[in-house]
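So the structure is just underneath, and the comments pick up after that.
Bear in mind that the values in this text are calculations on the coordinates, not laboratory data. A quick note: this is a predicted structure, and the numbers were derived from the prediction, not measured. Note: ideal-geometry Cβ built from the backbone for every residue, glycine included; neighbour counts use all protein chains shown.
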Amino acid sequence: MMHPDFMFLVTHAAIGALVGELFPNHPYLAFVLGFCSHLLTDIIPHGDTKIYKGYIAGSKVKRAIAYVMLDGVITVFFILTLFNTHVYDHRFAVSMGVAGGVLPDLLVAMYEIFHVKALKWFHKFHFFFHNMISGKHDLPFPVGFAMQLLLLVPLLGRLLRGAF
Ligand SMILES: [Zn+2]
């Protein structure tokens, strides 16, 4: 069964990049901390429970797919832009932070699309964090969306300084 996780992938990538910046000489640590940052930020409710229901009902499948694609393309643009900034100096640590930051959702998608049995535990583990609060008290989607933007904009401002 499909699950929604509409915490923006670009947010996870940006937090991962920030971790890489904080540990420029410790790329593997950046990877692990980037991975942990994903699970921890997923705990913050981001208003995707209703989308999940629409998804199960089949009424909003196209919209959900379009959303994920848009988020994926924005993430690619973010990473391309990021690598035209000062991070070029410690790009391995930043790459590892970003990789760790987005990996959990990649594993979740692998499980949901290809039913990779070995990932079942991880799928549960991921949604244990994701649904910790939102399973009972989720926000309306517009509020969750606005909160994510409030987090994302300053983060991008910091990370992409020097790119333009
Ligand atoms: Zn996630």
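Values as computed for the structure displayed
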item: Burial ordering of Thr11, Thr75, fewest other beta-carbon atoms within 10 Å first; result: Thr75, Thr11
item: Sum of -39500 (n - 2.57) over DSSP H runs of 4+, divided by residues of the chain (222 nm, nearest 500); result: -24500 deg cm²/dmol
item: Average projected area [Cα convex hull, the chain], square nanometres; result: 9.4 nm²
item: Normalised contact order of the range 9-148, rounded percent, pairs of Cα under 8 Å and 6 or more residues apart; result: 46 percent
item: Positive dipole terminus of the range 9-148, leading residue within Val87, Asn25, Ala99 (C-beta point charges); result: Ala99
item: Sorted by Cβ neighbour density within 10 Å, fewest at the top, the residues Phe128, Phe8; result: Phe128, Phe8
item: Highest to lowest packing among 131-142, 23-34, scored as the average C-beta count within 10 Å; result: 23-34, 131-142
item: Least to most buried among Glu21, Glu112 (fewest other Cβ within 10 Å first); result: Glu112, Glu21
